[in-house]
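Student: Structure in structure tokens, see below.
The values are calculated or read from the model by the stated rules, or taken from the named source; none is laboratory data. Just so it is clear, the structure is predicted and the values come from calculations on it, not from any experiment. Ideal geometry is used to build each Cβ from the backbone, glycine not excepted, and the neighbour counts take in all protein chains shown. Quick note on the areas: whole protein, heavy atoms, side chains included, nothing else; ligands and nucleic acids left out. Shrake-Rupley method; radii C 1.70, N 1.55, O 1.52, S 1.80 Å.
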Amino acid sequence: MEPNRFERLSPTPTYQRVAEAIENEILGGKLQPGDRIGTEADLVRQFGVNRSTVREGIRLLEQGGLIRRDQSRRLYVSLPRYNRLATRVSRALVLHQVTFREVWEAAMTLEAATAEAAAARATAEDVAALEASLARMAGISDHQAFCEADSDFHALLAQVSKNRVLELAREPVSLLFTPTLKMIMDKVETAGPRNLEAHRHLIEACRAHDVVTARDWMRRHIADWRRGFEIAGKSLDDPIERTFATHLALPGAYR
């Protein structure tokens with residue numbers, strides 16, 4: 001008799017198959033954002049399953065932001081929000097025990113590409129919005145609030161890039177950087193002023209449509225984060241989960 005090499009397969013729950021069937025229609029383009037899916041009763045009839053099975057499948061899709069309900073409880077296709085997708089990916093990165101070195105390397109590429117695109121496409125209105133964001137940052141003394149404003153500036157710069165793929169790709173990494181900036185500012189007095197200086201140069205590069213300067217200043221900005229992180233006594237090779245658990249287990253410190 002041949003030895004058992006494989007584990008028995010567990011059948012996929014029916015509610016998950018319901019969710020996958022609807023998701024495939026959405027991702028395949030047969031259902032577009034705003035299209036009506038129907039009610040739970042409609043789906044019970046179409047799939048030939050009970051209401052609780054449909055309800056669980058719908059819950060999965062709602063959590064993923066792929067569908068929404070109106071006041072009459074009818075279901076419609078929805079575009080997932082950027083922040084919801086980003087949060088899910090960020091949590092996956094933590095669970096996979098990625099290191100800050102991996103996050104830093106990814107940020108070097110993604111943020112530099114974002115800065116290049118922003119410099120190439122920025123309008124006068126975009127530059128004014130970036131200047132207003134920087135002005136808000138400059139007036140903040142609280143480290144936590146400053147870090148949140150820094151995250152807002154980078155998110156705005158990503159919007160200025162007018163590249164939704166870059167905007168989506170960089171956000172999960174950015175969510176992991178934001179809480180570490182407070183660690184750095186708590187230890188390194190020059191962190192705040194250097195941060196503001198980098199942002200000023202990025203704005204000027206956008207104003208001048210200087211792609212090379214935008215890229216170079218963003219790379220310098222991300223390199224500065226690494227130096228500050230190491231000065232703060234943190235190791236790039238630690239899993240990010242460990243750093244969050246030991247330093248950021250404070251109410252409101254990591255959101």
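Student: Being assigned to a helix (DSSP H, G or I) and among the polar types (S, T, N, Q) is the filter; apply it to the stretch 131-145 and report the residue that is modelled with the lowest pLDDT.
Tutor: Out of the qualifying residues, it is Gln144.
Student: Those residues that are open to solvent by less than 50 Å² (accessible area, probe 1.4 Å), in contact (Cβ under 8 Å) with a residue 24 or more places away in the chain and touching a helix residue (DSSP H, G or I) at 6+ places or on another chain (Cβ under 8 Å), I need them from the stretch 39-63; list them, please.
Tutor: Correct list: Glu40, Leu43, Val49, Thr53, Val54, Gly57, Ile58, Leu61.
Student: Right, next: Evaluate the stretch 175-183: report whether one residue or more is at pLDDT 95 or above, buried (at least 18 other Cβ atoms within 10 Å of the Cβ) and in a helix (DSSP H, G or I).
Tutor: Looking for residues that are at pLDDT 95 or above, buried (at least 18 other Cβ atoms within 10 Å of the Cβ) and in a helix (DSSP H, G or I), one finds none in the stretch 175-183, hence no.
Student: A further question on this structure: Please enumerate the residues belonging to the stretch 128-174 that are over 19 Å from Arg215 (Cα atoms) and small (Gly, Ala, Ser).
Tutor: Answer for the stretch 128-174, where residues must be over 19 Å from Arg215 (Cα atoms) and small (Gly, Ala, Ser): Ala128, Ala129, Ala132, Ser133, Ala135, Ala138, Gly139, Ser141, Ala145, Ala149.
Student: Testing Thr123 on (1) without any contact (Cβ under 8 Å) to a residue 40 or more places away in the chain; (2) surrounded by 15 or more Cβ atoms within 10 Å (Cβ to Cβ), one condition comes back false. Which one is that?
Tutor: Unmet for Thr123, out of (1) without any contact (Cβ under 8 Å) to a residue 40 or more places away in the chain; (2) surrounded by 15 or more Cβ atoms within 10 Å (Cβ to Cβ): (2).
Student: Could I ask something else about it? Could you tell me whether Leu93 is open to solvent by 40 Å² or more (accessible area, probe 1.4 Å), hydrophobic (A, V, I, L, M, F, W, C) and at pLDDT below 90?
Tutor: Considered against the rule, which asks whether it is open to solvent by 40 Å² or more (accessible area, probe 1.4 Å), hydrophobic (A, V, I, L, M, F, W, C) and at pLDDT below 90, Leu93 comes out as yes.
Student: Quick one: would you say Ala118 is open to solvent by less than 60 Å² (accessible area, probe 1.4 Å) and touching a helix residue (DSSP H, G or I) at 6+ places or on another chain (Cβ under 8 Å)?
Tutor: In short, yes.
Student: Given the criterion free of Cβ contacts under 8 Å to residues at least 12 places away in the same chain and in a helix (DSSP H, G or I), identify the matching residue among Ala149, Ala118, Ala128, Ala113.
Tutor: Ala128
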